[in-house]
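Before any comments, here is the structure.
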Amino acid sequence: MSDLSKIPIHTEKHAPEEARTNPLAGVFDELVRFAQSRSMYMLHYCTGCGAIELPPAMTSRFDMERLGIQPMVTPRQADILLVTGYVSVKTLKRIILTYEQMPSPKYVIGICSCTVNGGMYWQSYATAKKLSEYLPVDLYIAGCMPRPEAVIEGMRALMANIQSGETEPWKDYYQRYDYYLGNQQHLFGDNWQTPTDVIGQAQHYGLAGPETEGEHTRILQQYQQPLVAHKLRLK
Amino acid sequence: MEIGKRIADIILMPIVAFVIGLFMVLMLRKIAAKLQRRVGPPFFQPLIDIIKFYSKTTQVSHGLLHDIGIIMAVGGYLAAESLLPVPGMDGLSDKGGIITLTYFLMIPSLGLALGVGQCANPNGSIGISRALTAMLAYDIPFVIVIFGVAWHYGTTDLSEMISLQQAQGWGAFEMPLLALAGLFALQGMMGKQPFEIYVAPAEIATGPMVEMGGKYMGGLFVMQCFQLYTAGVLYTTLFLGGGTHWLDFLIKIFAVVAIPMMIAFTFPRYRTEDMLRLMWKWPVLAGLLGIAFVMY
């Protein structure tokens, strides 16, 4: 066995934040984090069997609304993307489109074993195995399928993470876009593109890192076609 | 002194409206939860939701009209609040009157239509066209009710109506048919369940709100607070004699808003054309009969 201490450890340091002059800035940040953790609108992308566990978690038996969690139907208003089950290659395209339309801070939860490692679809040629290779997943809720208690337990863990401000994987998507795009291109082919300008957003919000752009984003720019509005035609 | 009081009223009234509106949203969600045998949201949930939406990092704007639409939606109600007399604060109610108020109440829907139009999302366009049709449906009985009440009291001044009602008795007892038609129109105006096809979450992804995220949605949440408050206060002023002091005023407006909520969460929804048919038949009929009784 190789010596564990020889494995190189890569630590990333957070960029020092700009000096904040407002004495109440800390209090304000805490309030915002509290609000973000206590008000979570979830977009449940029901891909598989895990979806069946969500209605009991939302309705009278377990009632997620007492924790401030509500279902929302459009990505523009959602905070959490719930992927509940196996992700086929075709589905994954839609999930990525949906994820990129959500306003950050945004969180992804993978429910069921299938999102962790492919689960019982491990040998399927048409199924994406690990969701976290394509999207920055905050939390996995393993199980086949996890019961509503487990789903709520996972939500509470996410709440604690948001409130402490420790984990912010949504920034990772902007900072290491090249890595995620590479995995996406590996699955969908080189001409894969989405309508959302992720690099532009990363630069606009100051989240661009050294790994935002790379060889895969160059491939993207090579194949990228400008978005054209469909012509309205009446037959 | 007079000017100072007016300016203070204009600043204070929307703030009071917003705070009361937050409680109304809480009540709405609690009633829904109780009817479905759930616990429901915590006490500060409506405020927390608004803070969360305003703290979003990414803001997706679809253009200038999209921004202006939200400002019109909130601004229309902000202007309307200064025309609604509450105990101790009259604001501009003696200058504006009920006709100006009726116009102000249409601004939010039109602003939203402008904003949603620029989003170019087909779901949004379907939603807002349904919303404007719904506005056409409930505005006819609403205008009839307003006309009848104004005719009965011989004035369009809301604070004068209140003092007249406190002298002669509530409008709901003098004009029961108009009060009934008004309650019907109120249900449509709040966009609650039998008449909420234009939001239709599962089919057209909440309709007009489909492209609103972050601060835009926060603005719409603020608008919802104002909307509930305005509906409650307007009905109380027209039919329940306004308020002599804050306690009975608050009881009245919360009761008025609670009635449509109770009806709402036990009903499925009507299609747009059915809503139009229903709204132009029964409340209009009741309203016209009510006017006939008031006139003769």
Scan (1) out of contact with any Lys or Arg (no Cβ under 9 Å at 6 or more places or on another chain); (2) in a loop (DSSP other than H, G, I, E, B); (3) under 23 Å from A:Ile111 (Cα atoms); (4) not hydrophobic (A, V, I, L, M, F, W, C) for the single condition A:Asp190 breaks and write down its number.
-> (3)
With B:Ala205, B:Ala179, B:Ala150 as the choices, which residue is surrounded by fewer than 21 Cβ atoms within 10 Å (Cβ to Cβ), in contact with a helix residue (DSSP H, G or I) (Cβ under 8 Å, 6 or more places away or on another chain) and small (Gly, Ala, Ser)?
-> B:Ala150
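This table checks each residue for (1) open to solvent by 60 Å² or more (accessible area, probe 1.4 Å); (2) in a helix (DSSP H, G or I).
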{"position": "A:Met155", "(1), (2)": "no, yes"}
{"position": "A:Gln163", "(1), (2)": "yes, yes"}
{"position": "A:Tyr174", "(1), (2)": "no, yes"}
{"position": "A:Tyr179", "(1), (2)": "yes, yes"}
{"position": "A:Ala208", "(1), (2)": "no, no"}
Being crowded, with 18+ Cβ neighbours inside 10 Å and free of Cβ contacts under 8 Å to residues at least 60 places away in the same chain is the filter; apply it to segment A:112-128 and report the residue that is nearest to A:Cys46 (Cα to Cα).
-> A:Thr115
Specify which of the listed residues (B:Gly242, B:Gly214, B:Gly219) is of a type outside the set (Phe, Trp, Tyr) and buried (at least 24 other Cβ atoms within 10 Å of the Cβ).
-> B:Gly242
Which one is modelled with the highest pLDDT, of the residues in segment B:7-65 that are hydroxyl-bearing (Ser, Thr, Tyr) and over 23 Å from the mean Cα position of the chain (by Cα)?
-> B:Ser55
Matching entry among B:Gly111, B:Gly97, B:Gly91 (being part of a helix (DSSP H, G or I), small (Gly, Ala, Ser), more than 14 Å from the chain's Cα centre (by Cα) and within 17 Å of B:Phe226 (Cβ to Cβ)) | B:Gly111
Filter segment B:111-156 down to residues that are at pLDDT below 85 and of a type in the set (Val, Ile, Thr) and give me whichever is farthest from B:Glu211 (Cα to Cα).
-> B:Thr155
Test result for A:Pro71, within 25 Å of A:Tyr174 (Cβ to Cβ), surrounded by fewer than 21 Cβ atoms within 10 Å (Cβ to Cβ), facing another protein chain (nearest Cβ under 9 Å) and touching a residue at least 12 places away in the same chain (Cβ under 8 Å) | no
Count of segment A:212-223 residues which are of a type in the set (Asp, Glu) and surrounded by 14 or more Cβ atoms within 10 Å (Cβ to Cβ) = 1
Of the conditions (1) touching a Lys or Arg at 6+ places or on another chain (Cβ under 8 Å); (2) open to solvent by 60 Å² or more (accessible area, probe 1.4 Å); (3) aliphatic (A, V, I, L, M), A:Leu232 clears all except one; give me its number.
-> (1)
Looking at segment B:29-48, which of the residues that are open to solvent by less than 50 Å² (accessible area, probe 1.4 Å) and in contact with a Pro (Cβ under 9 Å, 6 or more places away or on another chain) is nearest to the other protein chains (Cβ to nearest Cβ)?
-> B:Ile48
Test for A:Pro226: is it buried (at least 16 other Cβ atoms within 10 Å of the Cβ) and either free of Cβ contacts under 8 Å to residues at least 12 places away in the same chain or under 23 Å from A:Gly110 (Cβ atoms) (or both) | no
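The values are calculated or read from the model by the stated rules, or taken from the named source; none is laboratory data. This structure is a prediction, so every number in the text was calculated from the model and none was measured. Cβ: placed from backbone, ideal geometry, glycine included. Neighbour counts: every protein chain shown. SASA here: full protein model, heavy atoms, side chains in, ligands and nucleic acids out. Shrake-Rupley method; radii C 1.70, N 1.55, O 1.52, S 1.80 Å.
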